[in-house]
Amino acid sequence: MDLLFIADPLESFKIEKDSTLAMMRVAQEVGHHLWFCQSRNVLWKDNLVVADCQSLLIKPSSTSWFELGDVQSKALNTFSAVQMRTDPPFDIEYLNTTWLLSAATRQGAKVFNDPAAVRDHSEKLSITEFPDLIPPTLVTRELSAVEAFHKTYGDIVIKPLDGMGGMGVFRVGPDGLNLASIVETLGENGSRTLMVQRFLPEIADGDKRVLLIGGEVVPYALARIPQGTEIRGNLAAGGKGVAMPLSTNEQRIAEKLAPILNQRGLFLVGLDLIGGYLTEINVTSPTCFVEITNQSHFDVPHFWLKALERTIS
């Protein structure tokens, strides 16, 4: 198979734990051919969606770990599969790329995740489709609504809808200290929508990342546990990642969502669960392949590749 990865610059990869690199390695090991480009290299030309891409060889060295070939212009529908692995934020250029990728799917390209499904799926707002699984939640631009929510629940978390890696997440305790200032700053004085949720003390046990691949559930989660005085478990915010088997409740939630999301074209999904509550559904560039594999010995990259091969066969 010829696999195209649309990703961030290779030089930016954290090679000791990068999930995209783990995908590349396992695909190369079984004989598939790798290609690479950035989203800026996807274009409409001569009535086709093409990528100005390069062949990619993964090498064992930890310093010079990749080798790229000459740039070639190849139609996306000539690849066996196209992996869109560009990290958020989901800005206008990300949106433009999804529109080009949608055009490519109309021309027969197999893109994962499906660009229309990604475009229609807000990683934070999507949880509202499953109200029985989520904590008390408010979505608003109005300070008065946040103040009323705080009065009801006393201890809350406020976050922007387009954040990633725990960026912009604030906790406001029962004293309400700086509530108005936080809402005004994050919400840019009412011009941006915020999500507010009841604080879940179970975060002390970890923000669990559960992976869904091809409609199936990876049986281990990565609990991202806050360190020190932090409330954020995100690894980017200094959280400690600990792989552990799914609890009965986590398995139930994952098995409920897996077939629904896969049917929509969301082949790879990362659920975030805190204390048995669903808090996010990540579809742009889910991670934690390496951490789960290294600690549980469940081979997530191999699981991903087998699911991909079945899907495109």
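Of note:
- Inter-part distance where the range 132-180 and the range 92-109 are each reduced to a Cα centre, Å: 34 Å
- Structure remark: mean-square fluctuation, Gaussian network model of the chain, C-alpha springs under 10 Å; the largest value among K208, K59, K240 belongs to K59.
- A cysteine counts as unpartnered when no other cysteine's C-beta lies under 4.7 Å of its own; in the chain this applies to C288.
- Note on the range 1-102: Kirkwood radius taken over Cα pairs, Stokes-Einstein applied at 25 °C and 0.890 mPa s, translational D equal to 174 µm² s⁻¹.
- Counting only DSSP beta bridges with both residues in the range 1-66, the antiparallel share comes to about 60 percent.
- Computed [θ] at 222 nm, helices only, for the chain once each DSSP H run of length n ≥ 4 contributes -39500 (n - 2.57): -8500 deg cm²/dmol
- DSSP beta bridges in the range 2-115 [antiparallel fraction, %, rounded to 5]: 55 percent
- Gain on full stretching of the segment that runs from E184 to F130 - 0.36 nm per residue minus C-alpha separation: 16.6 nm
- The ranking of H32, H121 from fewest to most other beta carbons within 10 Å of each one's beta carbon is H32, H121.
- When the chain is described by a simple charge dipole with +1 on each Lys and Arg Cβ and -1 on each Asp and Glu Cβ, the residue from A51, V172, V196 located farthest towards its positive end is A51.
- Total lysine pairs in the chain at Cα distances under 25 Å, for residues eight or more apart or on different chains: 27.
- Among I58, I203, sorting on how many other beta-carbon atoms sit within 10 Å of each Cβ, with the fewest leading, yields I58, I203.
- Residue exposure sequence - S12, S80 - by fewest surrounding Cβ within 10 Å: S12, S80
- Once C-alpha pairs closer than 8 Å and six or more residues apart are averaged by separation and normalised to the residue number of the range 2-115, the relative contact order reads 29 percent.
- The chain: relative contact order as a whole-number percent, Cα under 8 Å and 6+ apart: 18 percent
- Quotient of Cα Rg and 2.2 N^0.38 Å for the chain, N being how many residues it contains: 1.03
Computed from the coordinates by the stated procedures, all read-outs in this text should not be read as laboratory data. On a predicted model such as this, the values are computed, not experimentally measured, just so you know. Using ideal geometry, Cβ is built from the backbone for each residue, glycine included, and neighbour counts are taken over all protein chains shown.
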